[in-house]
1. Select from the stretch 30-49 the residues that are among the β-branched types (V, I, T) and within 17 Å of N86 (Cα to Cα) and list them in ascending order.
2. State which residue pairs qualify: first residue small (G, A, S) and inside the stretch 84-99, second residue surrounded by 13 or more Cβ atoms within 10 Å (Cβ to Cβ) in any location, beta carbons under 8 Å apart, and separation of 6 or more residues or different chains.
3. If you go through the stretch 75-99, how many residues are hydroxyl-bearing (S, T, Y) and either closer than 17 Å to Q57 by Cβ or touching a His at 6+ places or on another chain (Cβ under 8 Å) (or both)?
4. Report, by residue number, each residue of the stretch 53-67 that is part of a loop (DSSP other than H, G, I, E, B), of a type outside the set (A, V, I, L, M) and open to solvent by less than 70 Å² (accessible area, probe 1.4 Å).
5. Considering only residues that are modelled with pLDDT under 90, small (G, A, S) and assigned to a loop (DSSP other than H, G, I, E, B), look in the stretch 1-52 and name the one that is surrounded by the most Cβ atoms within 10 Å (Cβ to Cβ).
6. Looking only at the stretch 68-99, which residues are in a loop (DSSP other than H, G, I, E, B) and of a type in the set (G, A, S)?
7. Of a type outside the set (S, T, Y) and over 20 Å from N4 (Cβ atoms): does that describe G73?
8. I'm trying to understand the selection: among the residues of the stretch 68-78, which are at negative phi, surrounded by fewer than 17 Cβ atoms within 10 Å (Cβ to Cβ) and touching a residue at least 24 places away in the same chain (Cβ under 8 Å)?
Amino acid sequence: RILNDFLQFPNVVTPNGDGVNDIFQIKSLVEGMAYPQNELTIFDRTGKRVYHKKNIQVDSDFWDPKATNTPQGTYFYRFVGKGYINDVEYKGSIEVLVK
């Protein structure tokens with residue numbers, strides 16, 4: 001089994017239903033299998049938690065701004081992963097653009 005621990009975080013989400021960047025999907029998390037224990041939290045600019053998920057295992061576990069009725073704006077994420085080789089923590093921002 002080969003583990004891919006190189007995660008890629010999007011910086012823009014456009015939840016318009018076209019199938020491209022509709023959700024906040026962390027590339028290589030599900031298929032890479034390097035961080036089976038993980039936690040993703042999304043906050044708005046006031047610090048209010050708008051999304052939280054533990055142990056993401058399938059693509060449908062990722063944050064869908066449309067499903068949570070999230071308005072356009074800047075949001076912040078915190079991702080913590082515990083893996084076979086190492087543990088990671090990532091923080092960053094994400095722009096939700098509604099067109």
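The values are calculated or read from the model by the stated rules, or taken from the named source; none is laboratory data. Treat the numbers as computed from the prediction; the structure is a model and nothing was measured. Note that each Cβ is placed from the backbone with ideal geometry, even for glycine, and that neighbours are counted across all protein chains shown. Calculation scope for accessible area: heavy atoms of the full protein, side chains included, ligands and nucleic acids excluded. Shrake-Rupley method; radii C 1.70, N 1.55, O 1.52, S 1.80 Å.
1. Answer for the stretch 30-49, where residues must be among the β-branched types (V, I, T) and within 17 Å of N86 (Cα to Cα): just V30.
2. G92/F9; G92/F76; G92/Y77; S93/Y75; S93/F76; S93/Y77
3. Number satisfying all stated conditions: 1.
4. N55, F62, D64, P65
5. Of everything passing the filter in the stretch 1-52, A34 is surrounded by the most Cβ atoms within 10 Å (Cβ to Cβ).
6. G83
7. Criteria met by G73.
8. Hits for the stretch 68-78 are P71, Q72, T74, F76, R78.
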